[in-house]
């Protein structure tokens with residue numbers, strides 16, 4: 001069965017701190033896709049990154065970076081030098097091969113960045 | 001390019017009534033997925049439509065249904081509303097292609113907040 005676990009329910013940091021959001025997934029498929037989404041207070045989910053199971057290369061985009069490790073079934077997200085605008089709920093999600101538009105979401109991590 | 005739009009944004013209904021929510025995907029996107037978001041259950045997949053056909057379905061009762069039109073716009077319907085149906089209903093669209101098996105990124109609309117009294 002497919003499952004995504006985000007063990008951290010809430011994280012609070014002070015501006016300019018680095019913060020890592022954890023994501024652990026379960027799937028029996030060898031081909032799958034992992035995603036991160038951000039949901040600011042406005043409510044609209046914003047796409048951040050998509051990764052397929054054959055690409056374990058870490059990715060960096062500005063202050064954001066992602067660490068994908070198949071050996072531990074983890075896809076962690078780090079924000080460097082956090083800013084107040086990063087405050088939001090962050091969701092990790094999984095989609096299996098041939099499941100098209102079916103995303104399995106984790107419970108989300110609420111990040112609060114204080115000035 | 002315009003994003004995903006959903007109407008209405010807010011809706012208040014009473015138990016037993018039915019409701020129809022609408023979603024217009026990004027131009028050129030053929031796949032539309034629907035999700036329910038509640039504080040207790042989080043984000044849960046309802047169903048996905050591609051080329052007017054339901055391609056995937058989540059674990060929701062038959063009271064929840066949907067359809068897709070030839071222009072890719074989609075509607076979802078909930079009949080015989082229950083208090084527990086109060087939620088934010090999110091629609092997402094993606095390019096997707098039939099038969100490739102891959103999952104493209106989904107782009108979400110602002111949601112319809114449904115309150116059942």
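A short reminder: the numbers here are calculations on the coordinates, not readings from a lab. Since the model is a prediction, treat every value here as computed from it, not as a measurement. In this analysis, Cβ positions are derived from the backbone assuming ideal geometry, glycine residues included, and neighbour counts consider all displayed protein chains.
Each label point was placed 7 Å from the Cα along the Cα-to-Cβ direction; for residue B:117 and residue B:95 their separation is 4.6 nm. At an R0 of 45 angstrom, the distance between the Cβ atoms of residue A:28 and residue B:9 translates into a FRET efficiency of 0.70. Give, as ranges by residue number, the residues of the stretch B:14-55 whose backbone N falls under 13 Å from the point 7 Å along Cα→Cβ of residue B:83. Once the point is set 7 Å along Cα→Cβ of residue B:83, B:15-16 turn out to lie under 13 Å by backbone N, inside the stretch B:14-55. Between the C-alpha center of the stretch B:54-117 and that of the stretch A:31-68 there is a gap of 22 Å. Give the separation of the Cα centroids, the stretch B:6-25 to the stretch A:79-115, in Å. Here the two parts' Cα centres lie 26 Å apart.
Subtracting the Cα-Cα distance of residue A:70 and residue A:5 from 0.36 nm times their residue separation leaves 21.9 nm of extension gain. Taken residue by residue and averaged, Cβ atoms of other chains lying within 10 Å of the Cβ of B:33-41 number 2. A simple spin-label model places the labels of residue A:47 and residue B:2 1.9 nm from each other, with each point 7 Å out along Cα-to-Cβ. Estimated from the Cβ-Cβ distance and a Förster radius of 22 angstrom, the FRET efficiency linking residue B:69 and residue B:17 is about 0.40. Normalised by the number of residues in chain B, the mean separation of alpha-carbon contacts (under 8 Å, six or more apart) gives a relative contact order of 35 percent.
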